[in-house]
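Heads up: the structure comes next, in structure tokens.
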Amino acid sequence: MARHPTQMLELSVQLALAAWIFVLHARASWPHRRLFVVFVTYGLARVALEALREPLGATWAGLNIWQWLGLMLAAIGAWQLVRRRDWQPVPAP
């Protein structure tokens, strides 16, 4: 499998993610959950981007350390999104 530098792909992912979060913020969508949207999206993107790069160090189950960290980040984000799905703002006194 051919490997290549992924810096421009990484930049594209981050710009698209920033634009998406900006739109969600402008529409006041997903309050108190936008950070976790970033966790899920970036974590999964990190796993995919690392698959395209030259391997760095040892792998376990076919994944390198950065892919495992990306999966952990995505899992934490997904868990928080599920946990906060029914979140309602607390009315001010």
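Structure values in brief
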item: Cross-chain or 6+ apart pairs with Cβ under 8 Å, segment 28-39 first and touching a residue at least 12 places away in the same chain (Cβ under 8 Å), then part of a loop (DSSP other than H, G, I, E, B) and of a type outside the set (Lys, Arg); result: 31/87; 31/89; 32/87; 33/87; 37/30
item: Residues of segment 37-67 satisfying the condition of being more than 29 Å from residue 20 (Cα to Cα) and among the aromatic types (Phe, Trp, Tyr); result: 60
item: Pairs where the first residue, in segment 43-60, is modelled with pLDDT under 80 and the second is among the aliphatic types (A, V, I, L, M), C-beta under 9 Å, 6+ apart; result: 56/65; 57/65; 58/65; 59/65
item: Helices (runs of 4 or more DSSP H) contained entirely in the chain, each with at least 1 residues that are among the hydroxyl-bearing types (Ser, Thr, Tyr) and surrounded by 12 or more Cβ atoms within 10 Å (Cβ to Cβ); result: 7-26, 34-52
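The values are calculated or read from the model by the stated rules, or taken from the named source; none is laboratory data. Remember, it's a predicted structure, so these values are computed and weren't measured experimentally. Reconstructed Cβ throughout: ideal geometry from the backbone, glycine too, with neighbour counts over all protein chains shown.
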